[in-house]
1. Using +1 on the beta carbon of Lys and Arg, -1 on that of Asp and Glu, and nothing else charged, what's the dipole of the chain about the Cα centre, debye to 20?
2. Order of 142-150, 172-180 by packing, highest average Cβ count within 10 Å first?
3. Place a point 7 Å from the Cα of Arg180 along the Cα-to-Cβ direction; which residues of region 38-72 have their backbone N under 19 Å from it?
4. For the ranges 37-46, 2-11, what's the packing order if you count other beta-carbon atoms within 10 Å of each residue, average per peptide, and put the highest first?
5. If one computes the Cα centroid of region 17-44 and of region 152-181, what distance in Å separates the two points?
6. Straight-line reach only, C-alpha to C-alpha below 14 angstrom: list the aspartates and glutamates that Lys146 could link to, leaving out same-chain residues fewer than 8 apart.
7. Quick check of the Kirkwood formula: for the chain, what is the inverse mean of 1/r over all pairs of different Cα atoms, in Å?
8. With an 8 Å Cα cut-off and a minimum separation of 6 or more residues, compute the relative contact order for region 1-137 in percent.
Amino acid sequence: MTAIVGLVHEGTVFIGGDSAGVSGYGLTVRADQKVFATGPYVMGFTTSFRMGQLLRYAFEAPAPETEQLEKFMTTAFVDGVRETLKAGGWLKKDSEQEEGGTFLVGVAGRLFVVDDDFQVGEAADEYAAVGCGDELALGALYATAKLGMDPGPRLTTALLAAERFSAGVRGPFTLVSTPRG
């Protein structure tokens with residue numbers, strides 16, 4: 001349960017996330033953040049804090065191959081994620097199919113969604129959201145697209161909309177961005 005939102009603005013990727021840790025009807029506002037920067041990447045996760053910890057502290061993300069970024073993300077990047085989750089005891093396997101979790105990744109001015117089956121997607125709108133508040137946040141991102149808002153307030157508006165109407169989303173919110181090239 002969460003809301004992770006991201007957008008591309010003038011070649012920089014911005015990602016924001018909430019602080020909810022939800023189990024059944026229980027909610028804990030977590031101090032450990034769901035969004036972070038690592039090298040040239042920014043990431044924001046849902047699904048599991050354990051998965052996020054492995055992405056943040058154990059995954060040694062390879063240097064991006066910006067000439068063929070989509071190919072790189074769907075092969076070398078995802079293969080590294082799979083190996084990290086497997087080594088950390090978090091990768092699920094059923095009928096020879098591996099399953100991980102869902103997260104956003106920003107790199108080289110592009111925003112990707114990695115789904116639990118390790119497919120990598122990129123929205124044409126240059127914004128995306130994942131988690132239980134994703135549709136609420138996407139509506140807010142769509143509604144603010146032509147208002148000329150800066151990325152920080154725009155992401156915060158999307159997170160506030162998700163928090164207002166989803167029981168699984170709570171502030172405080174954290175925002176990160178890719179390094180300026």
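Any read-out appearing in this document is the output of simple, stated calculations on the displayed coordinates, not a laboratory observation. None of the values given here were measured: they were computed from a predicted structure. Reconstructed Cβ throughout: ideal geometry from the backbone, glycine too, with neighbour counts over all protein chains shown.
1. On the way: 15 positive and 23 negative charges, 135 e Å.
Magnitude of the dipole: close to 640 debye.
2. On the way: 142-150: 11.6, 172-180: 16.2.
Highest to lowest by the protection proxy: 172-180, 142-150.
3. Those under the cut-off are 38-42.
4. Numbers: 37-46: 21.8, 2-11: 23.7.
The most tightly packed comes first, giving 2-11, 37-46.
5. Cα centroid of region 17-44 versus Cα centroid of region 152-181: 11 Å apart.
6. Asp125, Glu126
7. Values: mean 1/r = 0.0616 Å⁻¹.
Evaluated over the chain, this radius sits at 16.2 Å.
8. Working: 263 pairs, mean separation 42.8, N = 137.
Relative contact order here is 31 percent.
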